[in-house]
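Comments concern the structure below.
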Amino acid sequence: MGLVARVLEERGVPTVLVSTGRDLTQLVRPPRSLFVNAPMGNPFGRPGEVERQREILLDALRLAEADVAAGTLVDHRYDYGQGFRDRVETTLAAMTFQQ
Amino acid sequence: MEPVAYVELLNERYRRMGFPPYRWTVHRDAPLTPLAKPLAECRVTALTSGGISHCSAAPWDAVARNDFRLDAIESDTPSDQFQIHDAYYDHQDADRDLNCVFPIDRLRDLARAGVIGEVARKLYSGFMGRIYKRTELLEKHAPAFADELQREQIDLALLVPA
């Protein structure tokens, strides 16, 4: 997805990417990204957390409006917290899943 | 909690599985197109790679590789009319509330509040799963998507990998 972001911007479409893989995103270096410290699958937080979802989305969109350097990654203050650590192992298993 | 060191953990895991080292794409700089107008005037679209499809469309292949399918989604579709098929991440929360991974209700909230100009007519689901054909992605499918967004006069695209 970071590669798609780069192509869009090369071709004149502004983007902002919301990432849950800080180091993965830093390698690809999309033009603008907001890192949210949450499991893959929860970049906007937990089910039903309407205010939280809206806040993260708004912060992402505002990043597009801000005067930031190309390749900027901003760390969001939100942390998914409880239950996150338990989901890392299942996430890694899913990411490396082989048929 | 400290951010998860996915690169290190995945490298180690693939090594144990007997795979050769994964060749990560590394960029030291990035292109940038400034926003052409204030956010409150922008037509905003969103792209998810989370294997999300409308219930009336075919489900995604949950274990796809190099799947360049791209669905356009009518942006006024209720958020409970979607299904998720993707074996590469844990979508238990997103199954209950799509907005955890693809915040279409929240985009509409921001449009109603006047924070963004409008939600684009079409949102997108695609570039899902493992795409190893980087050249084809970079030279064909991603440029075609850029052309589509230009045609739709998109001012800003929100990209959410999963």
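Every number here is computed from the coordinates shown, using simple stated rules; none is lab data. Bear in mind the structure is a predicted one, so any value in this text is a computation, not a measurement. All Cβ positions, glycine included, derive from the backbone under ideal geometry; neighbour counts span all protein chains shown.
How much mean residue ellipticity at 222 nm does the protein assembly as shown get from its helices, if each DSSP H run of length 4 or more adds -39500 (n - 2.57) and you divide by all residues, to the nearest 500 deg cm²/dmol?
-9000 deg cm²/dmol
The mean count of C-beta atoms from other chains within 10 Å of the C-beta of residues in A:22-31, rounded to a whole number, is 6.
Over segment A:2-95, calculate the relative contact order: mean separation of alpha carbon pairs under 8 Å at least 6 apart, over the residue count, as a percent. Please list the in-between numbers first.
Details: 122 pairs, mean separation 28.1, N = 94.
Relative contact order, segment A:2-95: 30 percent.
Here the peptides B:74-85, A:27-38, A:59-70 are ranked by packing, the mean other Cβ count within 10 Å, and the order with the highest first is A:27-38, A:59-70, B:74-85. Using 0.36 nm per residue and subtracting the Cα-Cα separation, the extra length available between B:ARG23 and B:CYS55 on full extension is 7.9 nm. For chain A, the square roots a ≥ b ≥ c of the C-alpha gyration tensor eigenvalues yield an a/c of 1.5 or more together with a/b not exceeding b/c, which makes the shape oblate.
Shape analysis of segment B:29-160 places it in the oblate category; the axes a ≥ b ≥ c from the Cα gyration tensor give an a/c of at least 1.5, with a/b not above b/c. Per q in 0.15 Å⁻¹, report the Debye log10 I(q)/I(0) for the protein assembly as shown, using one uniform scatterer on each alpha carbon and no solvent. Debye intensities relative to I(0), on a log10 scale: -1.08. The modelled label-to-label distance between A:VAL74 and A:ALA93, using points 7 Å beyond Cα along the C-beta direction, is 3.7 nm. Quick check: pseudo-label points 7 Å beyond the Cα along Cα→Cβ at B:ALA40 and B:ARG130, how many nm apart are they? The modelled label-to-label distance comes out at 4.8 nm. Charge tally for B:ASP80 (other residues, Cβ to Cβ under 15 Å; Lys, Arg +1; Asp, Glu -1): -3. Beta bridges from DSSP with both residues in chain B: antiparallel share about 45 percent, rounded to the nearest 5.
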